[in-house]
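The values are calculated or read from the model by the stated rules, or taken from the named source; none is laboratory data. As the structure is a computational prediction, the values presented were derived from the model and not from experiment. Because the Cβ atoms are built from the backbone with ideal geometry, glycine has one as well, and the counts that use them run over all protein chains shown. Note: areas computed on protein heavy atoms with side chains; ligands, DNA, RNA excluded. Shrake-Rupley method; radii C 1.70, N 1.55, O 1.52, S 1.80 Å.
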Amino acid sequence: MRYWNSWLSSLILASQYNPPRFVELLMLVLAIAMLSIATILPDKPYMVLGLSLVVGSSISILVREAIAPSPEQKVARLTALLALFISLYGFADLLITL
C-alpha cells in the first residue's frame, strides 16, 4: 500500500510542478494504449483516437518549446516533429483505405 501511496504522491507532485508536460505525458500514454488496442482489434476508432492524441501532444510540445525553451530543446522538437509526421502518415493511410 505504501508503494501505491508513494507513486500517487509523486504523480500529484509532477502534475503540480509542470502541468503542460504532465498533460502531454498523459496524452502520449493514452495514445500508446489506444494504438495498442488498435493493433489487437481491427477497429478504426481506436486508431483515429490514438493518432489524434499523438498529433495533439506533438503540437503541444512544439508550442511549449517555442514559448519556453528547455535545455533539451532540439531533442524535444525533433521527437515531436517525428511523431507528428508519423501520425499524419497514419491518417493518410487511414484515408486511403476508406
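According to the square roots a ≥ b ≥ c of the eigenvalues of the Cα gyration tensor, what is the shape class of the chain, taking rounded for a/c under 1.5, prolate for a/b larger than b/c otherwise, and oblate for the remainder?
Taking the square roots of the gyration eigenvalues as a ≥ b ≥ c, the chain is oblate.
Using a cutoff of 8 angstrom between alpha carbon atoms and counting only pairs six or more residues apart, the relative contact order for the chain works out to 23 percent. When the helices in the chain are scored as -39500 (n - 2.57) per DSSP H run of 4 or longer and the sum is shared across all residues, what 222 nm value do you end up with, to the nearest 500 deg cm²/dmol? Taking each H run of at least 4 residues, the total per residue is -31000 deg cm²/dmol.
Note the angle between two axes, namely the Cα long axis of helix 2-17 and the longest principal axis of the Cα atoms of the chain, as a number of degrees from 0 to 90, rounded to the nearest 10. With rounding to tens, the tilt is 80 degrees. Loop-located GluC sites (Glu not before Pro) across the chain with a Cβ neighbour count of 11 or fewer within 10 Å are Glu72, with loop assigned by DSSP. A convex hull fitted to the Cα coordinates of region 3-49 yields 73 cubic angstrom per residue. Nearest 0.05, what FRET efficiency do Leu81 and Leu8 give at R0 = 30 Å with Cβ-Cβ as r? Taking R0 as 30 Å, the efficiency between Leu81 and Leu8 is 0.35. For the chain, the solvent-accessible area works out to 74 Å² per residue, with a probe of 1.4 Å and every protein chain left in place.
Evaluating 6.51 cos²θ - 1.76 cosθ + 1.60 at θ = phi - 60° for every residue in region 39-47, the Karplus couplings come out as 6, 7, 9, x, 9, 6, x, 5, 5 Hz, glycine and proline recorded as x. I'd like the carbon and sulfur percentage of the solvent accessible area for the chain, probe radius 1.4 Å, heavy atoms only, ligands and nucleic acids excluded. Roughly 75 percent, rounded to a whole number.
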